[in-house]
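Trainee: Below is one structure. I have some questions about it.
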Amino acid sequence: MKTFETNFIEVDKMKYEIRKKDWGYAIFDENGKMISPEWFDLILSSGLLKGESPYYIAKKNEKWAVFDDKGKQITEWLNGIYLDGLFGLADGKSNLYIANKDNKEAIFDVNGKQISQLFDKIYPYGLVRGQSKYYLAEKSGKKAIFDIDGNMITPQWFSEISLYGLVLGESNLYVVRKDGKDAIFDIDGNRISDLFDWIYEYGLVRGQSNFYIAEKDGKQAIFDKDGNQISDWFEQIWKDGLVEGKSDYFVVYNSGKCAIYHKSGQKVSDDFPMVNTVHVSKITFNDNLGIAEIEMLDKTKRIIDFNPVYPYKKEEFLDYTKLLNI
């Protein structure tokens with residue numbers, strides 16, 4: 001933060017600065033005019049300073065309130081404003097924020113209207129950050145997803161619900177955990193997967209592809225959006241390639257060695273050793289050339305050859321090459 005003695009900050013055409021004195025903080029414009037109505041114990045104003053929002057949050061006597069750049073108090077003084085909610089109203093991501101009321105949390109709009117019921121906790125993602133019209137709430141140790149109108153989207157309360165997918169605006173799907181098992185649900189509350197020990201959100205849930213990795217009894221396999229198993233069970237499957245929607249191929253690890261497989265389940269490379277699987281940074285595939293580049297965390301790279309699987313039969317390929325006089 002700027003102090004009173006320092007020069008005016010100019011970042012992203014910033015029009016305001018925070019000045020500090022022994023008795024508190026205040027906001028001044030570029031002409032030196034104080035725009036906050038008084039000096040406060042603390043001011044949180046990253047959105048205002050960056051030109052992303054006309055609002056800021058002030059603290060006084062252990063209470064919090066939202067003000068605009070004209071000095072108008074937008075909300076009543078509240079027991080607490082969820083600081084991550086700054087990614088909403090005060091950061092220009094939406095006109096909403098999460099505040100504490102009666103030792104519970106609720107979502108409020110810029111006019112101070114409460115638009116959600118009271119919960120033990122509301123996670124500051126999705127609706128408040130402008131990522132979707134959904135948010136994740138917690139009550140009595142259970143979680144559920146609600147929409148902007150207050151409708152409960154999940155068919156029931158679950159012990160855990162992933163933010164990825166529906167809440168973050170990536171897809172109409174989400175992963176829930178109940179009785180120690182994971183499952184994928186759609187926006188209508190239908191379970192679209194079997195129960196597994198673990199489901200990774202990469203791929204289908206995050207809107208990257210039609211595939212996801214599930215884990216059962218310490219082994220992993222790839223499934224498609226319809227629940228069809230498209231790979232065998234392996235000790236480890238990397239998300240790079242097929243699951244992330246960047247290739248038709250993926251790398252697996254089993255019994256001390258790795259191999260490349262095609263989405264059809266066909267093994268397309270010889271086995272190759274992997275010294276330390278946790279040190280793999282990323283894997284990229286050139287589907288046409290049949291080359292996989294494995295980059296490690298130390299930036300060293302390995303090139304692995306594989307046999308591409310073409311989307312047509314050999315006879316069709318020969319007929320095509322004759323047509324082109326190859």
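Trainee: With all pairs of different alpha carbon atoms counted, what Kirkwood hydrodynamic radius in Å does the stretch 119-223 show?
Mentor: Final number for the Kirkwood radius of the stretch 119-223 is 13.7 Å.
Trainee: Starting from the Cα of LYS246, draw a straight line to each of the lysines and keep only those under 16 Å, dropping any in the same chain fewer than 8 residues away.
Mentor: Correct list for LYS246: LYS263, LYS282.
Trainee: Shifting gears a bit: Run the quick spin-label model on ASN79 and LYS257: label points 7 Å from Cα toward the beta carbon, then report their separation in nm to one decimal.
Mentor: The two pseudo-label positions are separated by 6.3 nm.
Trainee: Here is a further query. To make sure I understand, if each residue's beta carbon is the centre and we count other beta carbons within 10 Å, what order do HIS279, HIS262 fall in, fewest to most?
Mentor: Placing the least packed residue first, the sequence is HIS279, HIS262.
Trainee: Report, in degrees rounded to the nearest 10, the 0 to 90 angle that the Cα long axis of helix 314-323 makes with the longest principal axis of the chain.
Mentor: Tilt of helix 314-323: around 90 degrees.
Trainee: Starting from the Cα of LYS33, draw a straight line to each of the lysines and keep only those under 28 Å, dropping any in the same chain fewer than 8 residues away.
Mentor: Straight-line reach from LYS33, under 28 Å: LYS2, LYS13, LYS15, LYS20, LYS21, LYS50, LYS59, LYS60, LYS63, LYS70, LYS72, LYS93.
Trainee: If you average over every viewing direction, what projected area does the convex hull of the Cα atoms of the stretch 183-246 give, in nm²?
Mentor: 3.9 nm²
Trainee: Scan (1) -1.42, -1.48; (2) -1.09, -1.16; (3) -1.29, -1.45 for the value of log10 I(q)/I(0) by the Debye sum over Cα atoms at q = 0.15, 0.16 Å⁻¹ calculated from this model and give just the label.
Mentor: Answer label, from the structure shown: (2).
Trainee: Let me check I've understood the local charge: for VAL175, count other residues with C-beta under 14 angstrom from its C-beta, Lys and Arg +1, Asp and Glu -1. What total comes out?
Mentor: Net charge around VAL175: -1.
Since every read-out is calculated from the coordinates, none of them should be taken as a lab result. Computed from a prediction, not measured in an experiment: that's the story for all the values here. Using ideal geometry, Cβ is built from the backbone for each residue, glycine included, and neighbour counts are taken over all protein chains shown.
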